[in-house]
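Here, each number is a calculation from the coordinates, and none is a lab measurement. Because the structure is predicted, anything quoted here is derived from the model rather than measured. No Cβ is skipped: glycine too gets one built from the backbone with ideal geometry, and neighbour counts run over all protein chains shown.
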Amino acid sequence: MNSSSPEPTRPSPCRGWYALLAFGVVFTIAILVMVAVRAPSSTDFRDFWNNAVHFRETGEIAADRGVHNYLPFFTIFMAPWGFLPLRVAAVLFVLFSLALFALTVYLVEVLLHDGVGRTPWPALLVALALALPYVYACAVVGNLGLLLLFLVVATWFLAERGHEWEAGLALGLATVIKLIPGLLIVFFLLKGRWRLAVAAAAVTLVLGLGLPLGTLGWRRTLAEHQEFYRRAVEKHSAYQTITSDKPIKANYGNNALPIVLRRLLSPVNAGGASQPPLLVNVADLPGPTIFGIYTGLMVVLIGLSVVCTFRVRGRWSDGTPGDVDLLRVQFGVGCCLMLLASPLVWTHYLPLAYWPLAVIADRAERTMRSTGRRPWVCSVTLLIWLAAAGLLAWPAARAAGAPLAGVLCLWVALSVLSLGRRSAPRV
């Protein structure tokens, strides 16, 4: 007679992943319903779609249909969506974007934890929760932030594994869609990753010029790029934002550094045209003085970021210098600087901070597991980011730069970690 008792039933180690997957499905369905309802009236994707339809029907790129801060490439790139009805196209585009975000979360988990564990790490859940308000904002309006985030994280994923040409392809595509990831090309140049940087620059040039040349011809391509420069670079430059009598994009939804400084240091209405005036200034300084303050801040931000980037310890996977934990932190510094240097930063840009958030949360959890101590730099940073996300519901706080303050704190924390002497503890 076998007297051995059966082993007790253990809870499934994948239960945490199942719960996360169930939440993702519910979240996605809710977003898609909102997108289907809002598509004809108030989404960025509606503007992309209208521009695509106009281009398909006339062969012309229009700047008066809501798409005025993108290279000519973008309209041609988005043209296939114009073959679908608006609601169908919007729902499919947002579904595709959310799927890419899920893949991004997976890639980050693989990078930071050497593969996907049997249960989600608390750090992953923290980063996901802190990024969720901005993922929601991006998905509801059908913007490109989740696509750009995927391409940026894919760039690093491939770079860590030595696939530099492929990483350059991803970064070049991100740059030609929206110029701000181009700052990361400079990051890889400073790190000596020449093949990656050259590939990214070449892809940007080939796609940015080649696709318009093939469809518009060289005269119209030249004219469209000249118009883009006047419209998107000159009119939206930091200098124009700070010194013009009536700055463009002064609404509280824009959290770029130039307009935040302008609002804080001079009386600028941050409300909409049909809303009561919204002033948050604590001073009334002339434009040139504000621009001098902005220039000084950018010198500090760029200078310290370069110092952090040049710090080297250990080796890359191919044997060249660079400790992987330090490199991940440095890449996070570059991602934060990308947002801090952008002349426009809407709420739907901020999913691009997911990598810095994930690195900070991962460092906090590793430190607590290995030492039992709470890492105050990481903890305070995550709390400030949480507070900034909570202040999204208060227009005055947004006008005063609450979301930008969250990005700035991430940059400070990652800079401190980059200049520190210790690597991330391994657990």
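Lys and Arg at +1, Asp and Glu at -1: add these up for the other residues within a Cβ distance under 13 Å of residue 255 and post the number. Don't skip to the end; give the middle numbers.
Working: positive: 249, 262, 263, 398; negative: none.
Neighbour charge sum, excluding residue 255 itself: +4.
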- Length-normalised contact order of the range 114-204, Cα under 8 Å, at least 6 apart, in percent, tallies to 22
- Normalized C-alpha radius of gyration of the range 353-401, against 2.2 N^0.38 Å? 1.38
- Let me know the charge dipole size of the chain about its Cα centre in debye, to the nearest 20, where only the beta-carbon of Lys, Arg (+1) and Asp, Glu (-1) is charged. 680
- Give, in whole angstrom and from largest to smallest, the semi-axes √(5λ) of the equivalent ellipsoid of the range 27-76, with λ running over the eigenvalues of the Cα gyration tensor. 25, 11, 9
- Task: Filter the trypsin sites (Lys or Arg not before Pro) in the range 117-216 down to the DSSP loop ones having no more than 15 other Cβ atoms within 10 Å, then list what survives.
- Result: 118, 161
- Item | C-alpha long axis of helix 145-160 to longest principal axis of the chain, angle in ° | 50
- Mind checking which lysines have their Cα closer than 24 Å to the Cα of residue 235? Skip sequence neighbours fewer than 8 apart in that chain. 178, 246, 249
- A student applying the Cα gyration tensor rule (rounded when a/c is under 1.5; otherwise prolate if a/b is larger than b/c, oblate if not) would label the range 213-267 prolate
- Query: For the chain, taking Cα atoms only, what is the radius of gyration to one decimal and the Dmax to the nearest whole Å?
  - Reply: 22.7, 94
- Task: Compute the long axis of helix 402-419 from its Cα atoms, compare it with the longest principal axis of the Cα atoms of the chain, and write down the angle in degrees, 0 to 90, nearest 10.
- Result: 50
- Give the angle, between 0 and 90 degrees and rounded to the nearest 10, that separates the Cα long axis of helix 218-228 from the longest principal axis of the Cα atoms of the chain. 80
- Within the under-13-Å Cβ sphere about residue 125, not counting residue 125, Lys/Arg +1 and Asp/Glu -1 give a net charge of -3
- Note on the structure: The summed charge of the residue 116 Cβ neighbourhood (under 15 Å; Lys/Arg +1, Asp/Glu -1) stands at -1
- Between the residues 377, 222, 353, the Cα farthest towards the positive end of the dipole of the chain, that dipole coming from +1 and -1 charges on the beta-carbon of Lys, Arg, Asp and Glu, is from 377
- Item | At most 15 other Cβ within 10 Å, DSSP loop - trypsin sites (Lys or Arg not before Pro), the range 331-406 | 373
- Message: Amide H of residue 346 versus every other amide H placed in the peptide plane: which residues, excluding those fewer than 5 positions away on the same chain, fall under 5 Å?
- Response: 255
- How do 335-341, 39-45 rank on mean C-beta neighbours within 10 Å, highest first? 335-341, 39-45
- Message: In whole Hz and in residue order, list the ³J(HN,Hα) couplings for the range 286-294 that follow from phi through the Karplus curve 6.51 cos²θ - 1.76 cosθ + 1.60, θ = phi - 60°; x for Gly and Pro.
- Response: x, x, x, 5, 4, 5, x, 5, 4
- Any idea how far apart residue 23 and residue 246 come out in nm if each label point goes 7 Å out from Cα toward Cβ? 4.6
- Got a sec to turn the phi values of the range 111-127 into Karplus ³J(HN,Hα) couplings, 6.51 cos²θ - 1.76 cosθ + 1.60 with θ = phi - 60°, whole Hz, x for Gly and Pro? 5, 7, 10, 6, x, 8, x, 6, 9, x, 5, x, 4, 4, 5, 5, 4
- Percent RCO, i.e. relative contact order, over the chain, from Cα pairs under 8 Å lying at least 6 residues apart: 16
